[in-house]
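The values are calculated or read from the model by the stated rules, or taken from the named source; none is laboratory data. Predicted model, so just to flag it, every value in this text is computed and none were measured. No Cβ is skipped: glycine too gets one built from the backbone with ideal geometry, and neighbour counts run over all protein chains shown. Surface accessibility is based on the protein's heavy atoms, side chains included, excluding ligands, DNA and RNA. Shrake-Rupley method; radii C 1.70, N 1.55, O 1.52, S 1.80 Å.
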Amino acid sequence: MLFRARPVIFSVFFASIAVAVMSKPPSFDRTYMIALLFYWLFSSLYSHLRVVDKTKNNIPVDYGINYSLSFSLFAGPLGLLIFESLFRLTEHLTKKYLKTAEPDEWLHTLYNIGSFVTFNSLAFTLYNLLNPLFQSVPLIGFWLLVFLLVVIVSLLTDCCLIIVFYLTGDIRTQGEALEFIKTRSWTDMGKTALTNGLLFLFLQEQRWDMLLSLFLLNYFVSRSFFSKSQSIRHKLERDQFEKMAYTDFLTGVHNRAYMDKTIAKLNGTGEWIGVVVADIDNFKSINDTYNHAVGDEVIRHFASTLKQFLKEGDFLFRSGGEEFTMFLRHRTFEESVRLVEEIREVVRRSTVLVDYMAAKRPIAYTSSFGLYFCQAEGTMSIEKAYIYADHLLLRSKESGKNKVSAQCGGVA
């Protein structure tokens, strides 16, 4: 998809070369070479700790701190071009070696070189023009100017990315473009300004000890946050996989696997539980009269209706095709019976609006229930209570359907 934006990428890249060539060359002395070595080394080390997000077309967007502004202020556009080319080529080769490179990684490399050199070269020019004005502001003039430059570079970078994303189809509307710009954090820009401002001051004074300390501090702090973010991400992924493993995809309620897990947890607790097995009456005729898509809509409607009556601590599972099981907790037997009767009546009076034969059609249906109320301890397991509730459901079916059959296994 990034190939569609090649004209923009090449334009930015060649613009950076033109700006660098026409600028005053830096002094390629010992100071420049030491600075280049420090920046190349720590930028390369920091590269894998950057926060990277991906667009819907799988284009990575880097939100990490970049050191290019301070190096541009120190060495000018040509000096920055040398640094960016060295760093981005190292990054490119590393990704190729580790097999983490994108299919069009070379375009990413060209764009990164071009955009960072072009926009930070503009910042270099603005700094030289505005520095005398901001020097008149005591104490904070330098920092205000550096922060202003970071904001300008960030805004220009975002505008360029918006053009690229428009060409690739990741951004289609003005609203999406504004939302992308809003992802910029003022805190992050302040952190970038502080880091680059300090680095520039240390470069001017050739304080290599302080430069090294700042680089190391940023690296270790970033590594710590990266490790924590990875741990959080892995936990979220595990939670998501567990949710997927225990969720019925048609209805969004818990599935039979989660029901088995819950049974194991509740067994032997001594808690009084109403085990309800419910299903849709004459469901086969609904599928035969209409189609399975309509049948799925009816199942979803039934699950949604059952879910409305749950309170904290209750459970709802899809335990079969059109069969659902409920664990009603913290209720008496009489309260459980009244609740199930209420659910049965709500289902009887409701209709499902489905798409059938290019038209909306309301479908009415009924449901039957079996309720077994028991104490989960001793010889009475939840598995056994489920079997009893299933037998009570069968009794409701045999006695005419649209009924509730209930039995209490003891006195609550």
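Using the Cβ-Cβ distance between LYS182 and MET357 with R0 = 56 Å, the FRET efficiency computed as 1/(1 + (r/R0)^6) comes to roughly 0.80. Taken along the Cα-to-beta-carbon direction at a fixed 7 Å, the label points for SER136 and THR379 span 9.7 nm. Please give the FRET efficiency for GLN206 paired with ARG238, using the beta carbon to beta carbon distance and R0 = 51 Å, rounded to the nearest 0.05. Approximately 0.55, to the nearest 0.05.
Each of LYS311, LYS24 has its accessible area taken with a 1.4 Å probe; listed largest first, they run LYS24, LYS311. Amide H contacts for ALA406 (H built 1.01 Å from N in the peptide plane; partners 5 or more residues away or on another chain; cut-off under 5 Å): LEU371.
Which entries in the list LYS96/LYS191; LYS284/LYS401; LYS284/LYS403; LYS311/LYS384; LYS360/LYS403; LYS360/LYS397 go over 22 Å, if you measure between the two C-alpha atoms of each? Intermediate results must be reported in sequence, preceding the final value.
Working: LYS96/LYS191 31 Å; LYS284/LYS401 14 Å; LYS284/LYS403 18 Å; LYS311/LYS384 24 Å; LYS360/LYS403 29 Å; LYS360/LYS397 30 Å.
Over 22 Å Cα-Cα: LYS96/LYS191; LYS311/LYS384; LYS360/LYS403; LYS360/LYS397.
Please give the charge dipole size of the chain, origin at the Cα centre, charges +1 on K and R Cβ atoms and -1 on D and E Cβ atoms. Round to the nearest 20 debye. Show your work: numbers first, answer last.
Details: 43 positive and 40 negative charges, 70 e Å.
Its charge dipole is roughly 340 debye.
Rank these residues by their accessible area, most exposed first, probe 1.4 Å: LYS397, LYS96, LYS182.
Details: LYS397 45, LYS96 105, LYS182 140 Å².
Highest to lowest solvent-accessible surface, that is LYS182, LYS96, LYS397.
Restricted to Cα atoms, the chain shows a radius of gyration and a Dmax of 32.9, 97 angstrom.
Given just the C-alpha atoms of the stretch 318-361, how large is their convex hull per residue in cubic angstrom?
Details: hull volume 4.0 nm³, N = 44.
Measuring per residue, one finds 92 Å³ for the Cα hull of the stretch 318-361.
For the stretch 255-393, the dipole from Cβ point charges (+1 on Lys and Arg, -1 on Asp and Glu) about the Cα centre works out to 260 debye, to the nearest 20. With the simple model of a label 7 Å out from the Cα in the direction of the Cβ, MET189 to THR269 spans 5.2 nm. Dimensions of the stretch 121-273 along the principal axes, based on C-alpha atoms and rounded to the nearest Å, stand at 79, 43, 26, largest first.
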